[in-house]
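Read through the structure below, which is laid out as structure tokens, and then see the notes.
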Amino acid sequence: MSGVFLVHSVVTRQQFMNDIDEQLREIIPRLRRFAVSLTRNPSNADDLVQSCLERALSRWSDKRPEGDLRAWLFSILYRQFLDAHRRSRRYARMLEFFTGRDDTQPSVERTVIAQSTLQAFDQLGTEQRALLLWVSVEGLSYKEVADILDVPVGTVMSRLSRARQALRQLSDGEITRPSLRRLK
């Protein structure tokens, strides 16, 4: 009788793993799209998605059974992006301290070129882009986004409202870009 239970347990576990694999394969393109919007670099986005999936699989037991897998994965990805961003800023400050150079500041020319080529969406802050992507593109509910950011639903609604307003202003050209000044 124990041999039958063992076979059933292995089959059930295999089915469970197949279900997880199927769910992850469905979500990966969405995670990648979101990661590209955060990093603005496809290669870095792929690395971010991979580290997100590695963390999710290694901490699968921490996932709430009733929780939404998409929201959980988006939360992991967003937090890892923020952590990496903080680490890179800290590294740049250390590099500046030890070398006496400030490599973090782009040239004025590069800044103006970047600002002129970015579209309205790209001009939004990371959090505003993330909010708009989660709600408008990925179809997450306000509650799911609130869980990702660990804030109340009302805060998500107000931040989303401000993000939409900023996007409208940028699209309508109400916010002007800095122009070049001629220095003598």
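The values are calculated or read from the model by the stated rules, or taken from the named source; none is laboratory data. Fair warning: this is a prediction, and the values are worked out from it, not measured in the lab. Reconstructed Cβ throughout: ideal geometry from the backbone, glycine too, with neighbour counts over all protein chains shown. Ligands, DNA and RNA are excluded from the accessible area calculation, which covers all protein heavy atoms including side chains. Shrake-Rupley method; radii C 1.70, N 1.55, O 1.52, S 1.80 Å.
Okay, here's what the table says:
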| read-out | value |
| --- | --- |
| Some residue of the range 134-146 being at pLDDT below 90, in the same structural domain as GLU54 (by the TED database) and part of a helix (DSSP H, G or I) | no |
| Residues satisfying the stated conditions in the range 18-47, i.e. open to solvent by 60 Å² or more (accessible area, probe 1.4 Å), more than 14 Å from LEU69 (Cβ to Cβ) and out of contact with any Ser or Thr (no Cβ under 9 Å at 6 or more places or on another chain) | ASN18, PRO29, ARG32, ARG33, ARG40, PRO42, SER43, ASN44, ASP46 |
| Single residue of the range 147-184 satisfying the filter (small (Gly, Ala, Ser) and open to solvent by less than 60 Å² (accessible area, probe 1.4 Å)) that is modelled with the lowest pLDDT | GLY173 |
| Test: residue in the range 79-92 that is among the aromatic types (Phe, Trp, Tyr), at pLDDT below 90 and more than 24 Å from LEU31 (Cα to Cα) | yes |
